[in-house]
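Engineer: Sending over a structure as structure tokens; questions will come in a sec.
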Amino acid sequence: MAGFTLFNLMLTLAILSILAMISMPNLKQMVAASRLASAANGFAGTLNMARSEAAKRGVRVTLCKSADGATCTLAGNWSQGWILFQDDDNSCIRTGGEPLIQASAAQAKFTITGSGTGANYISYIPTGMTKTASNAFLATTFKICDNAYGGATGRQVVVSASGRARIATGSCP
């Protein structure tokens, strides 16, 4: 007589469930790494857009933290959102009728922090270089950490004084 016995079926299901339990932590890590890479690539893409807009428009373009999508803020971190604008008065703070190029909503799943001057803004001049409001060279590192999974691994977006942004692995507190 051909077929499966109840014992064979139960044994097969037990083996499949053990294999599924073993693979689940790896799947969570893969999803977390993918989300983190996507967030870092998105932020680096915004920095690249700021650099290219400065070159295209021939004026200073600034990216700053913004909670309301219209004005810059010094409080909090980059996770609350940011705005990209044409900085006509070179103040690195959006004032008056300076044209808004792009606004990004809050990134609640991530914590994004900048170092040094990059804690509040990053500004590009028409040559593609980064400068502070006082025209000093600006180099900074943005740390991106995933809040959902609480892992120690993060990504860094490193911006050199030449304005080039690159992504590196990093650690989160």
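The values are calculated or read from the model by the stated rules, or taken from the named source; none is laboratory data. Here the structure is a predicted model, which is why all the values come from computation and not from measurement. Note that each Cβ is placed from the backbone with ideal geometry, even for glycine, and that neighbours are counted across all protein chains shown. For the accessible areas, the whole protein counts, side chains as well, though only heavy atoms, and no ligand, DNA or RNA atoms are used. Shrake-Rupley method; radii C 1.70, N 1.55, O 1.52, S 1.80 Å.
Engineer: Can you find a residue that is crowded, with 17+ Cβ neighbours inside 10 Å, outside any helix (DSSP H, G or I) and of a type in the set (Val, Ile, Thr) anywhere in the stretch 78-95?
Structural biologist: Yes; the residues of the stretch 78-95 include at least one that is crowded, with 17+ Cβ neighbours inside 10 Å, outside any helix (DSSP H, G or I) and of a type in the set (Val, Ile, Thr).
Engineer: In contact with a Ser or Thr (Cβ under 9 Å, 6 or more places away or on another chain) and either part of a strand (DSSP E or B) or free of Cβ contacts under 8 Å to residues at least 40 places away in the same chain (or both): is that true of ILE144 in this structure?
Structural biologist: yes
Engineer: In addition: Pull up the stretch 116-139, narrow it to residues that are polar (S, T, N, Q) and either modelled with pLDDT of 90 or more or assigned to a strand (DSSP E or B) (or both), then point me to the one that is nearest to the chain's Cα centre (by Cα).
Structural biologist: Here the answer is ASN120.
Engineer: Among the residues of the stretch 103-115, how many are under 22 Å from SER160 (Cβ atoms) and in a strand (DSSP E or B)?
Structural biologist: The qualifying residues number 3.
Engineer: Contact list please: Cβ distance under 6 Å, first residue in the stretch 19-41 and free of Cβ contacts under 8 Å to residues at least 60 places away in the same chain, second residue surrounded by 13 or more Cβ atoms within 10 Å (Cβ to Cβ) and assigned to a helix (DSSP H, G or I), pairs at least six apart or on different chains.
Structural biologist: The qualifying pairs do not exist here.
Engineer: Any residue at all in the stretch 9-30 that's open to solvent by less than 60 Å² (accessible area, probe 1.4 Å) and within 17 Å of ALA108 (Cβ to Cβ)?
Structural biologist: Checked against the condition, which is being open to solvent by less than 60 Å² (accessible area, probe 1.4 Å) and within 17 Å of ALA108 (Cβ to Cβ), the stretch 9-30 yields no hits at all.
Engineer: Which number in (1) surrounded by 12 or more Cβ atoms within 10 Å (Cβ to Cβ); (2) of a type in the set (D, E, K, R); (3) over 20 Å from the mean Cα position of the chain (by Cα) marks the one condition that LYS56 misses?
Structural biologist: Unmet for LYS56, out of (1) surrounded by 12 or more Cβ atoms within 10 Å (Cβ to Cβ); (2) of a type in the set (D, E, K, R); (3) over 20 Å from the mean Cα position of the chain (by Cα): (1).
Engineer: Now for a separate question. Give me the residue from the stretch 157-173 that is touching a residue at least 24 places away in the same chain (Cβ under 8 Å) and outside any loop (DSSP other than H, G, I, E, B) and, out of that set, nearest to the chain's Cα centre (by Cα).
Structural biologist: By that ranking, first place goes to VAL157.
Engineer: Let me ask another. If the Cβ limit is 6 Å and pairs must be 6+ apart or interchain, which residue in the stretch 60-81 that is over 14 Å from PHE110 (Cα atoms) and touching a residue at least 12 places away in the same chain (Cβ under 8 Å) pairs with which residue that is of a type in the set (Asp, Glu) and open to solvent by 10 Å² or more (accessible area, probe 1.4 Å)?
Structural biologist: If the second residue must be of a type in the set (Asp, Glu) and open to solvent by 10 Å² or more (accessible area, probe 1.4 Å), the pairs left are VAL61/GLU53.
Engineer: OK, next. Please specify each residue of the stretch 59-76 satisfying the condition of being open to solvent by 50 Å² or more (accessible area, probe 1.4 Å) and in contact with a Lys or Arg (Cβ under 7 Å, 6 or more places away or on another chain).
Structural biologist: Those that are open to solvent by 50 Å² or more (accessible area, probe 1.4 Å) and in contact with a Lys or Arg (Cβ under 7 Å, 6 or more places away or on another chain): THR71, GLY76.
Engineer: Can you tell me which residue is farthest from LYS109 (Cα to Cα) among those in the stretch 140-166 that are open to solvent by 70 Å² or more (accessible area, probe 1.4 Å) and modelled with pLDDT of 90 or more?
Structural biologist: That would be ARG164.
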